[in-house]
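S.K.: The structure follows.
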Amino acid sequence: MIDDESARAVRHWRATAPDTVLLDGFHALKHALRFGAEVRAAVTSDRAAAVGLAEDLADDLTEVIGDLLVEVDAGTLRDLVPRVHPTRVAALAVRRGRQTNLDELSRRPRQAPVVVLDNPRNLGNVGAVVRLAAGFGATGVVTTGDIDPWHPNAVRSGAGLHFATAVERLPGDALPEGPLYALDPEGEDIRSMTVPDDALFAFGSERHGISPELRKRATRLVALPMRPQVSSYNLATSVAMALFHWGGPAHPA
């Protein structure tokens, strides 16, 4: 039998869900809170276990998470989310403001690159790139094409770190200003160059690579080191290699 608090939480969740972003799992909730997300609802089927996770992994947020979470039964949680996360935690947060993101992406001088994903097709890859960009302190992640980088599957893969960096979808002709370094097998070896802080690192789609339009506009074509007969890297791996090169030992402190 569902108690009054749980029933109120369920009604609130269903009323709030259409205008918010799903934070799927404890780690997504943790990261979103750390980076200022406005969390409107949070539920779990095991509050004691979730608070225990906070004590172990996010003691800076234990009290906040404990206050936010409302316990519902396992069946109710399954009804509220498409797939129950192993941590049995789910939350709803207000999407980061588009104008805030655009302002951050366009602000100059820029202290860290912007990652551009040119017409990506895999939402899991988009989320993995957002997570990388947040970890490296990149200015943001811009996608072109028709998929929403804030889709729940991307936010899930990004572990809530969409709130730690500027993530937006833009037309290919409306990218932030700055030198465009496009990843292409025919480019110069990235190890031979210094990448400026205000660069845009552009990566093509998983299947077709960089678009001819973006390739034509590139300031420089850049290639990652790769053993002969190996055809490609995973998108997130390529982004990690490029950002590591930018922020490596030669990068000024």
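The values are calculated or read from the model by the stated rules, or taken from the named source; none is laboratory data. Here the structure is a predicted model, which is why all the values come from computation and not from measurement. No Cβ is skipped: glycine too gets one built from the backbone with ideal geometry, and neighbour counts run over all protein chains shown. The protein model used for the area step is the full one, side chains on, heavy atoms only, and it has no ligands, DNA or RNA in it. Shrake-Rupley method; radii C 1.70, N 1.55, O 1.52, S 1.80 Å.
S.K.: Percent relative contact order of region 1-94, based on C-alpha pairs within less than 8 angstrom and at least six residues apart? Spell out each step's value before the answer.
M.R.: Numbers: 128 pairs, mean separation 44.8, N = 94.
Dividing the mean separation by the residue count of region 1-94 yields 48 percent.
S.K.: Roughly to the nearest percent, how much of the accessible area of region 98-246 is carbon and sulfur, given a 1.4 Å probe? Kindly include the intermediate steps, with their values, before the conclusion.
M.R.: Details: 3380 of 6950 Å².
Accessible surface attributable to carbon and sulfur in region 98-246 totals 49 percent.
S.K.: If I take R0 = 45 Å and measure r between the Cβ atoms of ARG207 and ALA48 in this structure, what FRET efficiency does the formula 1/(1 + (r/R0)^6) give, to the nearest 0.05? Display every interim value, and only then the final one.
M.R.: On the way: r = 46 Å, r/R0 = 1.01.
According to the calculation, E is roughly 0.50.
S.K.: Continuing with this model, one more query. Identify, among PRO149, LEU161, THR62, the residue whose Cα sits farthest towards the positive end of the charge dipole of the chain, taking +1 on the Cβ of Lys and Arg and -1 on the Cβ of Asp and Glu, with the dipole about the Cα centre.
M.R.: Final value for the positive-end residue is PRO149.
S.K.: Quick one: length gained pulling LEU57 to ASP146 fully straight, 0.36 nm per residue minus the C-alpha distance? Each step should come with its number before you reach the end.
M.R.: Values: separation 89, 0.36 × 89 = 32.04 nm, distance 3.61 nm.
Working it through step by step, the gained length comes to 28.4 nm.
S.K.: Can you give the direction-averaged projected area of the convex hull of the alpha-carbon atoms in region 62-162, in nm²?
M.R.: Working: hull surface 32.1 nm².
For region 62-162, averaging the hull's shadow over all directions gives 8.0 nm².
S.K.: Additional query: Quick check on region 123-253: what are the equivalent-ellipsoid semi-axes from the Cα gyration tensor, as sqrt(5λ), descending, whole Å? Could the numbers behind the result be given before it?
M.R.: Details: eigenvalues 93, 58, 49 Å².
Taking √(5λ) for each eigenvalue gives 22, 17, 16 Å, largest first.
S.K.: Oh, and also: Taking a 1.4 Å probe, which of ASP173, ASP46 shows the most accessible area, and what order do the others take after it? Write down the numbers at each step before the final one.
M.R.: Working: ASP173 135, ASP46 45 Å².
If we order ASP173, ASP46 from most to least accessible, we get ASP173, ASP46.
S.K.: Efficiency by 1/(1 + (r/R0)^6): what FRET value for ASP173 and ASP4, r their Cβ-Cβ distance, R0 = 41 Å, to the nearest 0.05?
M.R.: Numbers: r = 54 Å, r/R0 = 1.31.
My answer for the efficiency is 0.15.
S.K.: Additional query: Counting heavy atoms of the protein chains only and a 1.4 Å probe, report the per residue accessible area for region 1-94 as a whole number of Å². Mind dumping the intermediate values first?
M.R.: Numbers: 4910 Å² over 94 residues.
Computed with neighbouring chains in place, this is 52 Å² per residue.
S.K.: Can you give the log10 of the normalised intensity I(q)/I(0) at q = 0.12, 0.17, 0.22 Å⁻¹, computed with Debye over equal Cα scatterers of region 1-94?
M.R.: The computed values of log10 I(q)/I(0) come out as -0.31, -0.64, -1.10.
S.K.: Give the carbon-plus-sulfur fraction of the accessible surface of region 48-95 in %, rounded to a whole number; probe 1.4 Å, heavy atoms of protein chains only. Walk me through the numbers on the way to the answer.
M.R.: Numbers: 1220 of 2530 Å².
With neighbouring chains kept in place, the figure for region 48-95 is 48 percent.
S.K.: Next question. Using Cα-Cα distances under 8 Å and only pairs 6 or more residues apart, what relative contact order does region 142-242 have, in percent?
M.R.: Numbers: 119 pairs, mean separation 27.4, N = 101.
This gives 27 percent for region 142-242.
S.K.: Given an 8 Å cut-off on Cα distances and at least 6 residues of separation, report the relative contact order of the chain as a percent.
M.R.: Numbers: 480 pairs, mean separation 50.0, N = 253.
The normalised contact order for the chain reaches 20 percent.
S.K.: Additional query: Treating the Cα atoms of the chain as identical point scatterers in vacuum, please give the log10 of the normalised Debye intensity I(q)/I(0) at q = 0.07, 0.13, 0.16 Å⁻¹, two decimals.
M.R.: Results for the chain at q = 0.07, 0.13, 0.16 Å⁻¹ read -0.28, -0.82, -1.08.
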